[in-house]
Structures are given as C-alpha cells and as structure tokens.
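Data block below; observations after.
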C-alpha cells in the first residue's frame, strides 16, 4: 500500500495525505461519538480532478473510499469501518461557490462548502437558500445532498433533493460526470441526479451541485399555539395550509413533556402561557408582501382556530428576539433531553393523517414493555416526521434502560412499518440502520437496490458497508 | 407464439387480448400520426396482478412489452416498432382512484386513470391536483409519470416528478414493487421512485402512484402584459417572483408573431391592446386568501412594472370568461401554427437567465441557413422551457422546407447545447430523440444509463428501442 499512498501524495500533495493517528483522529469518529473506525489514510483533494485521480488509484489498488463532508451524520455513514483498509476522502477543500445566477435563481457550489456558507452566499445575492438544520455551521452541502437532508423548511421548500437541479459526480470508476445543469425541465433520460442524491456516497462522489434559490421573504412571523392533542394540531395544519398556502414555512409539534424538560434544565427559558397544555405547535409564516400582511394572515388564522376550538391559546412573537425565543424552545428539546441523561432516539415518518394514532398506539406498546419510560415526542409535523425519542423512567438506571435499545427500536420501527411509515425520515441508513432496513423492505426492493449498486460500483469500493 | 397468446388470454380474459388489425389500429399509431408500428397483440390487463402475470409470460417467451397509457406522447414512446414482435400493454383498465386522504394531502391512483379524472377526484375532495396540460382529457397519470410531464403549473408546483410521493411498479421480471408510500420524508435507500419516473416504461411498468394534493386557491387571476423583449419579460419574472412568491402560478411568453398567427386563423379572438408589441406574457396568480387580495397583488405588480418600464401595457381579466379568453390566446398558438401549415417543433429548455441570448442567437443562425423561416416562439418562460417552433417562409413550399428538418433540428439543438440546455424539456426521448441525445450526452452519462437499463432489465424486454 506504500505505492498507493505515494501515488496519492503525487496526486494531491504530501500534506494532504494524512496517515498519522493524531492527524486522522477527527475523521474517524462519528458526530455522536459512538464509533471510531480505522483508515489507511485521510486524503484531502482540492478539486474534482484530484477526486477523480484518487478514485482511479483506489480502483487500481482496490482500496475502498469513504467520502466525508462535515462528518455530522447521525447514522455512521461518513466514517470507515475498523478494518483499516479504506481511505477517508475528505471533500472539505472543495469549498468554492462557483457561480450565482439571480435570474435563473441558481447557485453552483462545490461539495465541501459549509451549508451556512451557501446560505450566506445566497443572502449576499439577495436570495434565499432555504435548507436549514441544526448542523448548518459544520455540515457540507455535499453531505446534505448525499443524505438528502431535511430540516425545518421542508414543508415549504422540500428536502435537499427538491433543492438541487444538477450535479457533478466522480463515478466509482473515477470518471467525472458533468451533470451541472441549471434547468427546471429536462426529460432526456434516467434521473441520475436523484439516484446519487440520498445514496450516501455508495454509488459515486458528489463534487458540486447546482442549487435552487428563492426570493427572500419580506417578513417572517413565528407563533406558538397550545392545544389538546396531536389530532387538534393536525386540524390546525389543514386550516393553516388552506388559509396561508405556501406562506406556511414551519409547523413543529412539541409535547408538554418536551417543554417541561426544557424548563427543568434551562430555567431561564419561559413558555408564553400562564398554564400548561398537552401539546404545542410552533408556526412560522414567511411572507413575500409585508410584515403587516403577515401579521394580518396570522391573526386571522389564530382567530379561526380559537373559534373552531382547535387551539386553546396562542402567542405571536412581536419581535425578532421573541421569535428567536420561541424557536429556542424547540431547539433546546434535544439539549434538555441530553441533560436529563441517556436516551434512545428515533427519526421516523408516517403519513400525516396517521400521526395521532401512531403516537397513541406506540406509546401504549412501549409502556406495556418498558413501564415508566418517558416519551420525548416532537418534530416536523407538517412533514409527518417525528423525533420520537424515549427517555428512561425516573429514578431508574439509564444504562439498564439503554440495554433495551434494540427491543425498543423494534417496537417503534415495527409500529412505524404498520402505519406505512419510514424508519429513517431524514437521517439516512449509513452503517447504523443498514441491517435494520432489511426487516422492512421487500426482497423486490432490496434486490433492485443491490442491482443498482452492482451496476454503478461493481467493485464495491464506494463507502462499502453502508446503505445496501 | 400461439402458446404465449393463449396464456395471455388465460391471464386477462379472451376479450382483452386483441390481435385483429382493426382492433389494434388505435394502439399502433402515435398521437401526431407520424408513425404506425406493428404488434403481436394488444393486451389489456385490469389490475396489477394481471400486469405482473403478463410480464412474467413475456419473460418466459422473450416477448418485448410496450407499455401504453393514453398514447398521447409526442416522441414515439408508447407505440411499438414495426418488427411485430412486441405486445402493447394498455394500462387503461387500471383506472381506479384507490384512496384520497385530505389530511395527508395525497391521492392514490392507478396508472390508467385519465389526468382529468385525477384532477376531478381531487376537486371533489376540496383539493387541487395541479398537473395540467393540453392532453389532460386523454392522457393517463401513468404516462404522465413515465414521461415526467410538465405543463402549465410547473413554475409553482414542479413537474410530475415533484407531484409524486410513491409508486407501485411491475418490474421487468414481473414482480410487484409496492413503493406506494405517502411520505414527505423517507431516506431509506436509493431513490427507485425517481428512477422509474421519466424512464418511459423502459425499466418497469408503473401501475399506481401516490400523488400530492394541495389546497384549492381562493382566487385565480390572469393578466396579459406587453413588453419590448424577452429580457424585459425576464425582468418582469424576477419582480413577480419577488412580489408574489408562490402565488405566481403561470408565466407564459408569446412573441407578437405567435399572436398574429392566432389572429389570422381565429379572427374572433382579440388581443386586449390597441396596438402591437414585440412580446407578451400571460401571468397567472393563485391566491389562498381572497379575490380582493389577488387583485391588489396583481395591480401593485403591474404598477411597479410599468413604472420601471419593464412593460408597456397590461390587461387584467375581470371575469372568468376574460381569463379563459386570455388563456385561449396562448392555447391557440399551436392550433394556429397547424392551420398555417406544416412546421418543425422543438421542446427545449435553457437556464432562464440565458433565454434572451438563446432566442436572439438561434434566430440569427436559422435565418442564415434558412432565410425567411418564421419563428413561432412561445412557452413556459418561468421554467426556461420554450416551444421554439419554425414555420416555413411565406409563399414557400412547406414540403421542401420540412425536408430540412434534420438540419434545422441540428442548428437548434446545437445552440441549446451551447447554452447549457436540454433538447427535450418536457416530452421525453422515446424513439424519436433516442439517437439525437447521443450527440449531446457524454459517454460517461450514456454509460451509466446503459448500466442502469442492464441492471433492471437485462433481457431488454421493457419498451426496447426507447430512451437508451
């Protein structure tokens, strides 16, 4: 392998082939620090041609490649296994914004651009790039596309897939596919773009993308509504979609227990209501017209919802600071849950109409099996996506509870499957859920996935052990 | 083959295996009546299991299958070649709406449902299914998805691809893939859905789909604006997107010559302006709030556009009848062009920002090569999609001109390619453009397309001779 590494050094420069343990450490452990793999080397090309050259060397020497962006994934998709045979290909040096076109409303970014850098480049051009998620200061757009990242604006703008018009990809054979088209319509053959999006680097390496931009809204308004049940939250969702159309850009559900945890661990954060309610929805409107119009729309919605007894109370943020405070409640839920101790997380989706039944039925099943466990249920209700997390019973041993993780996953995922849902709504499969998915997909579907992998990566060099 | 046909009869019933020339005729000629193929039989299954059974027979006897919906395609994608070896599989008996879910905002339709039937089922449930195109009274949703149909509402709602959440597909091996998921988020493996969408029946047969529904708008307003140039039309587009956001649902460009042709052949149709202008844009707003609000938005937009000298005049439809009259101008362009005589059509897209340059440069090249030819340029400007059609010079022989079709296509398509565009924006490749596309796609891309075809349809039985 010395020959291989020497050739890698010739291709990208000595200082961009890391082989010392201390240099590689940051690339080998996953974001949640649950797993550390081994690698032959970490290779850091600076442009597409260098990526292609390295992949060709990997073909020649049969070395597996683990593509990596910000390494913020949650399913062990961007770290190598512990065989030590693979290289990690870090894309972070491919970090140029290649073009911004405000008439076509597109931005062309290299894979290693940080999401925040893309958001800022769009804003500098007076446009919005709407993808937004917790890791936006560290994750890369290549990773977002490879995992088809979701986030908080999917309700209005779609997942990463819907925000991408074209790709540049280095194939498993080390060829460059220039599919960087900035077209809204192109029906000239198979949809290669959407095959690479969400493939988690197992079919090729995304090196650049043409992304969609949108006008900046004139006003953004946030409100918190309180209601009795997830069903009432769904009624509010239907009403809001009818009244506000595409102006509705956020619709996040949070149970009372979620906000109790936030209040317990972050006592400076306050709910804007004098009493507690079973459920809350954080609503966001983005208006292209004016702040005044956004206010009128939101007031009318809340009045209607109160009259129809869908909601019990509501508070509209009167300033950007208040709006941030409402969003902070939502964003502090995972932090508060972590403060509370170890817990078991799920990233699931079901058809929106079945969310109420799913929560009720699954809660019962978990209580039957794991009496006293505490549900931390919140998520992107407008997308049918719940972070359906389970904390141990109070005064119990967290480690004893966590030992039941597989059994708890089984209850939750079996329930998701019965409701026609997905066991990975926005995080992907990676190595973590690769075996689990085989339980839920048919042999027909798994067979087609394997056939596609075999067709595009016959040597199984691209991120092996992930997805399929 | 008698044995094969007997088994087909057993599978679907004697009266649904057509072998007489008179019975088959309607299935063998394409929509524009340019080509008539031959078939061993036309087979008309009534459900997914029958489709699968027939495909398994086709595997056993190595009989190619040409899937067909409403047979309204424009690129010879749904008719057989003239070998007489294939069967046509007509999906029109799979015509049930299986489910409508107004909370999840989804509708599950079988492939043979007519688009209009889907639109009506959505409307009956108080929802909008926004796909709309000229053939909507005859085309099927299976065909729409297989060709990723576009139409007039792409600007707001996307192509057919963006309107579909899940599919049921009979694979090339005659297995049923149940991917009928009604989920907004599902990141559990390769995007098989989008691979079958737009594959024109060459990878498998779509038998049902879960489609997205939207709230019905409260008001729709139409206006016609007149301007000097395509560039001014683009300035208006940017302004309209900024001011109206997702309320803007239609933005159609028409040149003066297009409307001259309409006036000549349909003299009862009138332009709402006292004088002529070089270009016109048909604008449509769909408002979730009220007619009053839509009017105010549109008036403000027009006032701004006049002040900024983007447009020279504008007329807002004051009634549904007036709105229909404005849309009729647009819809009569292809009819007027047909009345004028034979012509050469192109369905192209370029990045929106390059449309002005594309039209100017390509017009010059065509005049250089084919002096006096008359450009009938119109289309979905908001999507960068032009129907860039060429009529013969006045007083010339249409047939002599049409003889130059290949040379004219070459000029137009080469120009499209130079501008980073697509030679088939919304119609697909079929058999018509299958060779032409090889000129414009790289060997890397064509190689991946062939590998996918080989992976999913190794016997080359699914709609052979189309796409790849």
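The values are calculated or read from the model by the stated rules, or taken from the named source; none is laboratory data. Being a predicted model, the structure only gives us computed values, none of them experimental. So basically every Cβ, Gly included, is an ideal-geometry build from the backbone, and we count neighbours across all protein chains shown.
Kindly evaluate residue B:170 against the criterion of being crowded, with 24+ Cβ neighbours inside 10 Å, under 30 Å from residue A:349 (Cα atoms) and either touching a residue at least 60 places away in the same chain (Cβ under 8 Å) or facing chain A (nearest Cβ under 8 Å) (or both).
It is true that residue B:170 is crowded, with 24+ Cβ neighbours inside 10 Å, under 30 Å from residue A:349 (Cα atoms) and either touching a residue at least 60 places away in the same chain (Cβ under 8 Å) or facing chain A (nearest Cβ under 8 Å) (or both).
So, restricting to strands (runs of 3 or more DSSP E) that lie completely within segment A:133-251, which ones have at least 1 residues that are within 30 Å of residue B:74 (Cβ to Cβ)?
Filter on segment A:133-251 gives A:164-171, A:176-179, A:204-212.
For segment B:173-182, give me each residue that is surrounded by fewer than 24 Cβ atoms within 10 Å (Cβ to Cβ) and either over 21 Å from residue B:50 (Cβ atoms) or at the interface with another protein chain (Cβ under 8 Å from one of its Cβ atoms) (or both).
B:175, B:176, B:177, B:178, B:179, B:181
If you check residue B:221 against the conditions, is it closer than 30 Å to residue B:181 by Cβ and more than 13 Å from chain A (Cβ to nearest Cβ)?
No.
Can you find, within segment B:454-468, the residue that is surrounded by the most Cβ atoms within 10 Å (Cβ to Cβ) among those that are within 8 Å of chain A (Cβ to nearest Cβ) and under 14 Å from residue A:189 (Cα atoms)?
Taking the candidates together, the pick is B:467.
I'd like the residue in segment B:91-105 that is crowded, with 18+ Cβ neighbours inside 10 Å and within 14 Å of chain A (Cβ to nearest Cβ) and, out of all such residues, is nearest to residue B:66 (Cα to Cα).
Checked segment B:91-105; the qualifying residue nearest to residue B:66 (Cα to Cα) is B:100.
Can you pull out the residues in segment B:189-204 that are at the interface with another protein chain (Cβ under 7 Å from one of its Cβ atoms) and under 19 Å from residue A:454 (Cβ atoms)?
Residues satisfying the conditions are B:189, B:190, B:191, B:192, B:195, B:199.
Checking residue A:288 against (1) in contact with a helix residue (DSSP H, G or I) (Cβ under 8 Å, 6 or more places away or on another chain); (2) within 14 Å of chain B (Cβ to nearest Cβ); (3) at pLDDT 95 or above, which single condition isn't satisfied?
(3)
If a residue must be under 18 Å from residue A:227 (Cα atoms) and surrounded by fewer than 15 Cβ atoms within 10 Å (Cβ to Cβ), how many such residues does segment A:279-307 contain?
Of the residues in segment A:279-307, 5 are under 18 Å from residue A:227 (Cα atoms) and surrounded by fewer than 15 Cβ atoms within 10 Å (Cβ to Cβ).
Exactly one of (1) touching a residue at least 60 places away in the same chain (Cβ under 8 Å); (2) more than 28 Å from residue A:186 (Cα to Cα); (3) not in a helix (DSSP H, G or I) is unmet by residue B:283. Its number?
Of everything listed in (1) touching a residue at least 60 places away in the same chain (Cβ under 8 Å); (2) more than 28 Å from residue A:186 (Cα to Cα); (3) not in a helix (DSSP H, G or I), residue B:283 misses just condition (2).
Can you tell me which residue is surrounded by the fewest Cβ atoms within 10 Å (Cβ to Cβ) among those in segment B:125-137 that are on the phi < 0 side of the Ramachandran plot and in contact (Cβ under 8 Å) with a residue 24 or more places away in the chain?
Across segment B:125-137, the extreme among qualifying residues is B:134.
Tell me which residues, restricted to segment B:288-327, are within 28 Å of the chain's Cα centre (by Cα) and over 27 Å from residue A:290 (Cβ atoms).
B:320, B:321, B:322, B:324, B:325, B:326, B:327
Which ones in segment B:80-110 are in contact (Cβ under 8 Å) with a residue 60 or more places away in the chain, part of a loop (DSSP other than H, G, I, E, B) and on the phi < 0 side of the Ramachandran plot?
B:81, B:86, B:91, B:93, B:94, B:102, B:104
Name the residues in segment B:14-37 that are in a loop (DSSP other than H, G, I, E, B) and touching a residue at least 12 places away in the same chain (Cβ under 8 Å), would you?
B:19, B:30, B:31, B:32, B:34, B:35, B:37
Which one is farthest from the other protein chains (Cβ to nearest Cβ) among residues in segment A:429-453 that are surrounded by 16 or more Cβ atoms within 10 Å (Cβ to Cβ) and closer than 26 Å to residue A:33 by Cβ?
Only one residue tops the list, namely A:431.
Give the residue, chosen from B:71, B:148, that is within 21 Å of the chain's Cα centre (by Cα), within 14 Å of chain A (Cβ to nearest Cβ) and modelled with pLDDT of 95 or more.
B:148
Might you let me know whether segment B:436-457 holds any residue that is modelled with pLDDT of 95 or more, on the phi > 0 side of the Ramachandran plot and out of contact with any helix residue (DSSP H, G or I) (no Cβ under 7 Å at 6 or more places or on another chain)?
No, the conditions are met nowhere in segment B:436-457.
Would you call residue A:210 in contact with a helix residue (DSSP H, G or I) (Cβ under 9 Å, 6 or more places away or on another chain), farther than 17 Å from residue A:425 by Cβ and surrounded by 23 or more Cβ atoms within 10 Å (Cβ to Cβ)?
Criteria not met by residue A:210.
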